[in-house]
Structure formats: C-alpha cells, structure tokens
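Notes for the one structure printed next.
The values are calculated or read from the model by the stated rules, or taken from the named source; none is laboratory data. Everything numeric in this text was worked out from a predicted model, so none of it was measured. FYI the Cβ positions are ideal-geometry reconstructions off the backbone, even for glycines, and counts take in every protein chain you see. Accessible surface areas use protein heavy atoms only, side chains included; no ligands, DNA or RNA. Shrake-Rupley method; radii C 1.70, N 1.55, O 1.52, S 1.80 Å.
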Amino acid sequence: MISRQVLNRASPYVFIAPAVLITSIALVYPVLQSIWLSFHEWSIGTPPDQTRFVGLENYRWLLADRAFWTSVGVTLVFAGAVVLCETVLGVGLALALDRELRGMSIIRTIFILPMMVAPIVVGLIWRFLYNEQFGPLNQVLTGLGLPAMSWLSSPDLALVSVIIADIWQWTPFIFILSLAALQSLPSSAIEAARIDGASPWQAIVFIKLPLMMPVIVVAALLRLIDAFKVLEVIYILTEGGPGLSTEILSLHIYKTAFVSQQLGRASALSNLLLVMVMAITLALVAVNHLRRVATRRADAAEG
Amino acid sequence: MSQGMSVRRASLASYLLVAALALLSLAPIVVMIATSLKLKTQIFGDTAAFFFVPTLDNYRAVLSDAQNTRYLGNSLIVAAVSTVLTLTFGCMAAYALVRFRFMGRGVVSTGTLLLRMVPPAVLTVPVFTIWTYQYGLNNSLFGVILLYTALNLPFVIWILQSFIAQVPQPLEEAARIDGANPYQVFFLVVLPLIKPGLAAAAIFTFRIAWNEFILALVLTNRFTRTMPVKVSLFLTEHNIEWGQIMAIGTLIAIPPLVFTFMASRQIITGMTAGAVKG
C-alpha cells in the first residue's frame, strides 16, 4: 500500500527519467567530454591511454592558426549573407503575397519541400546543377550566349554558389513565418492607417514591419543558429574548397578530427563553435523574454 | 471602379510571382528525379533535356546491389526505432514538465532548450571517442539509434509541451477522482488526446533521423552505414554515375516528400509555433 503511494508520489521522476538518462549519456556527457578533450592531445588511432594533458595549448595553437581564422571568416560571411538575403527575400515576398490567393495551401506545401529534403541530397542536386560541363545552369548560360561559369572551382565564386543553394532551401522558412505573422496582425491597425490616407508603402513601413518585427527577429536568429550548423551541403558541394574558400567551422572541425586526426584541437574548435551558437541562443531567449514582458504589459494596459 | 481594376491587376502579378517561385522551388528537385530516369548518354547529351523516354535502369542498378538495399534497410530501422523511442520517452517527459512541479524542473526545462542548439559537428569528436572506447557501440545500429534518440528528445519534448498544455485539466482530475493513478491518467486519458501532436512530432523526428549524415558517417562501417553516408562515398569515386546517384538521392528524398504532402498543415504549424509563440 505504502509502496504504491511512493510510486505515485515519484511519478514526475518516473516520467522524466528515461529522457534525462538518454540525453545525459548520449548528449550531455559527450559535450562535457569535448570540453575535457580540448585540454588534451590525442591522435585518432592511438589508444586513449596515450592522451596527454596539454592545458590551453590547443586553444593557443588555434588562435595562432591562419586556417582557423580563415574558417571563422568564411563562417561569418556565409551565416551573415544567408540570413540577410533570406530575411530580406522572405519578408519581401510575404509582404507582396499577403492577399487572398487561391491555392495558397498547395503553394505553401511546395515551398516547404526544399526544407524537407535531406541536406545531403540538396548538396547532390546542386552539385549536378553547378556541374561545369553538362550542368543545367551552364547549359542555360551558354544557350543564352553567355560564358559558362566555374561555379564550384573558382575560389571567388564557390562561396557564392554555396550561399545560393542555402538561400534556395531556406528562404521559404522566413517567408512562411513572416506570412503567418502578417496574417495575424490586428486588421484594425491596418484599416485605421488606410482610412488616415496612408499609402500601401507607408502602411508597410510604419505599421506592418514594426508589428512583424519580433517574429522577423526570432526567425532570423533561428536561421543564424542553423547557419552555424550547416555542414552536409558544403561537404558534398566543395568539401571546403577550393583552398579553404568554403570551409566553414563545422566542416573544419570534421576535417581537423578525421583528416588531420587531431582530436584535441578539433575539440577546442568544437567548443569555440558551441560558445558562438550558445551566445546567439541567449540572444534568442532574451528577445523572447522581452516579447513576453511587452505582451503582458500591453494586456495589462488593455485590461 | 478604378480601384477594383488596380486590385485585379496586382493579383494577376502576384499569381505570376507565386508561379515563378513555385517553379524555382520545384525545378531542382524535378531535375534530380528526371536525371534519375535518364540513361548516361541522355544526361550528357544536351538535346534531351526536356523530352526523353524515361527508364528505370538506374533504379534497377541501384536496388540490385545488395549493399544498397542493406543501407536502405539500415536507414529505415534507425529512423523508425529512434522515432518510436523518442516519442515514447519524449511525451512522458513533456507531460511531467507541463503538469508537475518538482525539484529540478527548471534545470530540465532550460536544458532541453540549450541542447536543441548543439551543432552536430560539435558532437562528432566526443561521440566517436565515447562510442568507440567507452560504450563499445561504434559500428552498431543501436549506437546510432541511441544518439538520434538523444538528439531528437529535446525538440520533441518542447513541441509536445504545447499540445499537452491544451488538454483540459478537469478531464484528468475526473479520472483521478475515479481512482486512476498518475500513470493511468497519462496513458489512458492524456495520450489519446494528443495524437495530432504525436503525429507532427513523429514526422519531424523521422525526417531528422532519416536525413542525418555526419554522425552516421563517423559511427558506422560498411555493414551499418545508412543511405546518406553511401551518397557521400559514391560521389568521391572518379566516374560519377549521375543517373544512379540521382536515383539514390530520389530514394532518400521520397519519404520526407510524401510526409510533406500528407501533413503539410501540421508541419507548418510545428514550424511557426516555435517562432511565433517563442
């Protein structure tokens, strides 16, 4: 009788235990291990007891390594460019298409298809499209009498090509979120602006965009976090090349660990990437907190 | 009158814009599928871009290779089993977080948010070393399933919380007064009511596990590989068989595409819930 009572009292812990156990052994522990490893030197293939404590040596080495800074630069350019382009395009398209369109649900379904396809397959598709000899893109260019482009083999163009593929895949994400935000705006505000004689442009700039801003910021931050995670598409398209021109940090981590076989250095790199992503996550949490405070205040003012 | 005219003209323009965008979205995927239905000579010849007699030769070649069917099977097992495990443990944890006040609740709640953000690349090194030297799970499907379950749990817990919060509490209280213990309340009252949420979560989880590449690359060998890993290996070979690799790409793309057409509403709801509600 007592044991049943104990079992019922313990039910929250029973419910939560499997999830906590699995994430602890397969997610939290690896992250902690990565921090521990970053203070050690260990080459792949040698037994783990040959791991040597080196203190901050891996970090010191990284910060003096030119390839590391190149990779940081590529990552920032890639993330900045895709988030900026996708936000501007996505929000712009949402504003342009915010009307009673027939067949909008099938259109929305078509737009999310690129996001659902495996990143590895997206890489495959674009590697074919960008192929210099027989790829459709160059066939179209030469058909129009324009010179063929070396999409993936030119150091200047490769990063742009990679960015284009990401824009193709993820602009719909911002578009769909912006459209949802736009269609949940209070129609009274927009109606009032129209009656006051605001032009459609003025309504967008002074009414719609400010009201949509919280959702736009959150969507852009979510994309920014995802941009730091990108690996597969670039792995398939260029493997980071030519040279280091498309080697973003997550690819640089993989190569440091499994090509250069430096597990300690790769762990140090991993931790630096993790710190960057966590910083953006904190910004996201802060934005959401501010929003909640703002809505609560607005509700209180109305009530 | 003049206003009506301008609205109509604008909407014709917006239909054209929508059509162009839909074409842009679809064209690359259509190119992949079309290429998978072409013979080698048709892929390289520039005359047969639009009109060609489709052939299933590439699919025949891909599926007659025992290695490929094995990898497809591995992908299916890994995605299906990890989805079932993630949903089972995820809905239990989400229920506890929504309905109970207990010690450590805040830690678990913040933890799920932070763990969702960890880039997979960050996990490659520690997961490789731990699975190889401590757990002895490298090169086993179970090792991949364990990792995918852990990776998807934070997301599933988070998405199911909002569905569970919508279950009317009086229903649960009534069951409790009738003598049901907390476990019966959860499995017999709450679970049947959150079926739509479970379906949405299942689609997201299955898709992520089915599509995942880099961790599978690090953790599997030539017996336990999943299909995305095979793609990367196929591409490094010298004479790329584009027809066959596009057939493999299409095979990988089919389940997520089918899910999208079946449940686009739920997928979009799941996607927007995160950003709009915060």
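In the range A:173-184, which residue that is at the interface with chain B (Cβ under 10 Å from one of its Cβ atoms) and open to solvent by 10 Å² or more (accessible area, probe 1.4 Å) is modelled with the highest pLDDT?
A:Phe173
Suppose we filter the range B:129-151 for residues that are of a type in the set (S, T, N, Q), without any contact (Cβ under 8 Å) to a residue 24 or more places away in the chain and open to solvent by 50 Å² or more (accessible area, probe 1.4 Å); how many remain?
Of the residues in that region, 1 qualify.
Looking at this structure, is A:Asn58 more than 28 Å from B:Phe204 (Cα to Cα), within 13 Å of chain B (Cβ to nearest Cβ) and assigned to a helix (DSSP H, G or I)?
Considered against the rule, which asks whether it is more than 28 Å from B:Phe204 (Cα to Cα), within 13 Å of chain B (Cβ to nearest Cβ) and assigned to a helix (DSSP H, G or I), A:Asn58 comes out as yes.
Taking the condition open to solvent by less than 60 Å² (accessible area, probe 1.4 Å), at the interface with chain B (Cβ under 7 Å from one of its Cβ atoms) and in a helix (DSSP H, G or I), does A:Ser24 pass?
no
Going by the structure shown, is B:Ser140 polar (S, T, N, Q), more than 7 Å from chain A (Cβ to nearest Cβ) and within 23 Å of B:Gly73 (Cβ to Cβ)?
yes
Return only the number of the condition from (1) in contact (Cβ under 8 Å) with a residue 60 or more places away in the chain; (2) among the acidic types (Asp, Glu); (3) open to solvent by 50 Å² or more (accessible area, probe 1.4 Å); (4) under 30 Å from A:Ser11 (Cα atoms) that B:Glu173 does not satisfy.
(1)
Need the failing condition index for A:Ala279 against (1) more than 10 Å from chain B (Cβ to nearest Cβ); (2) buried (at least 20 other Cβ atoms within 10 Å of the Cβ); (3) more than 24 Å from A:Pro155 (Cβ to Cβ), just the number.
(2)
Take A:Trp170 and decide whether it is under 15 Å from the mean Cα position of the chain (by Cα) and of a type outside the set (A, V, I, L, M).
yes
If you go through the range A:175-208, how many residues are farther than 28 Å from A:Val82 by Cβ and part of a helix (DSSP H, G or I)?
Result for the range A:175-208: 14.
Looking at A:Ser187, is it among the hydroxyl-bearing types (Ser, Thr, Tyr), farther than 28 Å from A:Glu247 by Cα and more than 11 Å from chain B (Cβ to nearest Cβ)?
yes
Any residue in the range A:63-78 that is within 12 Å of chain B (Cβ to nearest Cβ), assigned to a helix (DSSP H, G or I), in contact (Cβ under 8 Å) with a residue 40 or more places away in the chain and among the hydrophobic types (A, V, I, L, M, F, W, C)?
Among the residues of the range A:63-78, not one is within 12 Å of chain B (Cβ to nearest Cβ), assigned to a helix (DSSP H, G or I), in contact (Cβ under 8 Å) with a residue 40 or more places away in the chain and among the hydrophobic types (A, V, I, L, M, F, W, C), which makes the answer no.
Output the number of the condition that B:Ser162 fails; it satisfies all remaining conditions of (1) more than 7 Å from every other protein chain (Cβ to nearest Cβ); (2) surrounded by fewer than 19 Cβ atoms within 10 Å (Cβ to Cβ); (3) farther than 19 Å from A:Leu222 by Cβ.
Failing condition for B:Ser162: (3).
Taking the condition out of contact with any helix residue (DSSP H, G or I) (no Cβ under 6 Å at 6 or more places or on another chain), more than 11 Å from chain B (Cβ to nearest Cβ) and either closer than 22 Å to A:Asn58 by Cα or in a helix (DSSP H, G or I) (or both), does A:Ala300 pass?
yes
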